[in-house]
Amino acid sequence: MVHGRWWRWGVVGFSDTFWTVASYRLNRAGYLLLGRGWPAVRVATAPLLYAMRPWTGTGEINYLADIDRGLRVLHPSLGVIISGKTVAGKELILVGGNCIGGRKALAHGDIRIGSNVTIGANACVMGPVDVGDDVQIGASALVVKDIPDGSTVLAPIGQLRTLR
């Protein structure tokens, strides 16, 4: 968000992107600190969280999801949903309108997303699936099969295609 421009720090707190990622990171930190007690704390603080909803973005990133550093949501007003069964690497970029979830009951880690992955607008990843490193997933793609490292996936005219 800042990209070396110091004057942007004054407006970072007003950004939907910041609040979407910060909400996830704070929830994840609470879970890592309190473990099984965290859901009870969330229930106790539900009225406060509900009152803060207009400022916390439209993303729903489960605190059980294990997402490494560098998560960016470019257009959070389109909505972002990430399942708690997800394990993602560094530098995950979500353009917006994304859903990362499952088609059936999953175990933690059944949805694996590598490092340096970009998921285009309104694209969905439905596990169990393994997305490799350095993958580009185009807008409106529906990923239900594993994608190898370095691939570009498009969804033209309803067909999923993998380019090398």
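The values are calculated or read from the model by the stated rules, or taken from the named source; none is laboratory data. The shown structure was predicted, so the numbers you read here are calculated from the model rather than taken from an experiment. So basically every Cβ, Gly included, is an ideal-geometry build from the backbone, and we count neighbours across all protein chains shown. The area values use the complete protein model at the heavy-atom level, side chains included, leaving out ligands, DNA and RNA. Shrake-Rupley method; radii C 1.70, N 1.55, O 1.52, S 1.80 Å.
Pop out the carbon and sulfur fraction of the accessible area of the chain as a percent, whole number, probe 1.4 Å. Numbers along the way, then the final one.
On the way: 5680 of 9390 Å².
So the carbon and sulfur contribution to the accessible surface is 60 percent.
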Computed [θ] at 222 nm, helices only, for the chain once each DSSP H run of length n ≥ 4 contributes -39500 (n - 2.57): -6000 deg cm²/dmol
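Give me the 1.4 Å probe accessible area per residue for the stretch 1-128, excluding ligands and nucleic acids, in Å².
Value for the stretch 1-128: 56 Å² per residue.
Magnitude of the Cβ-charge dipole of the chain, K/R +1 and D/E -1, about the Cα centre, nearest 20 debye? Before the final figure, lay out each step's value.
Details: 17 positive and 11 negative charges, 57 e Å.
Charge dipole, the chain, about its Cα centre: 280 debye, nearest 20.
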Taking R0 as 25 Å and r as the Cβ-Cβ distance between Ser115 and Ala51, the FRET efficiency 1/(1 + (r/R0)^6), rounded to the nearest 0.05, comes to 0.10
Can you send over the solvent-accessible area of Leu78, 1.4 Å probe, protein chains only, in Å² to the nearest 10? 100 Å²
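So if each residue of separation counts as 0.36 nm, and I subtract the Cα-Cα distance between Leu34 and Thr152, what length gain in nm does that give?
Details: separation 118, 0.36 × 118 = 42.48 nm, distance 3.94 nm.
Extra length available between Leu34 and Thr152 comes to 38.5 nm.
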